[in-house]
Structures are given as C-alpha cells and as structure tokens.
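Data block below; observations after.
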Amino acid sequence: MVPLSWYLILAALLFCIGVYGVLARRNAIAILMSIELMLNAVNINLVAFARYTTPVMLTGQVFAIFVMMIAAAEAAVGLALVLSVYRNMRHIRVDDVRLLKW
C-alpha cells in the first residue's frame, strides 16, 4: 500500500505548478489549463483522504466527481469567453484585455 504522504506530495506539487501557471502565464488558455491542474490536485487529495480515513464510504470519490463537473462547466464558460475575446481582438493576451471591465 502506498503511504498517504506520497499522494499529498504529488497533489502539492501539481497545485504549485498550477499556481505558477496562473501567476506567470499571459495566455488565457494556459491560465485555464493551470486552473484545471489545481482542481485535479484537489481531486487527488479528496480521493486519497477518503481512501485512508473511511475506505468503505465513497464520500471523497463523490466530491471528486462534483469537482470534475464544476471544472467542466468552468472550462466551457472560460473557453467561450476566450473565443469571444479572440473574435473581437484577434489575440488572447490577458494583460491587453480590458473588454470585460465595461
């Protein structure tokens, strides 16, 4: 059996990579991908804690499925916004987009 700390280290590493991607990237699609990476790190934590605390109950897996559904909706809305901005401005650099302000 793999120790819980390995899962936590993997999830922390993925979450840190996602935070770096959100803070360092200028491309909107790369930022959305980084947010998805952070949500996947949360899913790893949910499933790992559920497995090691109460393996009979499926609470962690159910919460992970809810997070996946929310991530799919977030990706759909985010990509629709990126597509709309690209049609109007011909680029998707986050620094130059002030369209959503008004």
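The values are calculated or read from the model by the stated rules, or taken from the named source; none is laboratory data. Because the structure is a prediction, the values reported are computed rather than measured. A quick note on method: Cβ atoms are made from the backbone with ideal geometry, for glycine too, and the neighbour counts reach across all protein chains shown.
Right, V82: on the phi < 0 side of the Ramachandran plot and out of contact with any Phe, Trp or Tyr (no Cβ under 9 Å at 6 or more places or on another chain) or not? Yes, satisfied. One residue alone among V19, V2 is at pLDDT below 95 and among the hydrophobic types (A, V, I, L, M, F, W, C), and that residue is V2.
Which members of the stretch 70-97 meet the condition of being loosely packed, with under 11 Cβ neighbours inside 10 Å and touching a residue at least 60 places away in the same chain (Cβ under 8 Å)? Selection gives D95 alone. Say we look at the stretch 26-58 and pick out the residues that are without any contact (Cβ under 8 Å) to a residue 60 or more places away in the chain and part of a loop (DSSP other than H, G, I, E, B); which of these is nearest to the chain's Cα centre (by Cα)? This residue is L58.
Output the residue which, of all residues in the stretch 50-69 that are surrounded by fewer than 11 Cβ atoms within 10 Å (Cβ to Cβ) and at pLDDT below 95, is farthest from I35 (Cα to Cα). Restricting to residues being surrounded by fewer than 11 Cβ atoms within 10 Å (Cβ to Cβ) and at pLDDT below 95, the top hit is V56. Checked against the criterion of being part of a helix (DSSP H, G or I), of a type outside the set (S, T, N, Q), farther than 22 Å from V2 by Cβ and modelled with pLDDT of 95 or more, the stretch 95-102 has no qualifying residue.
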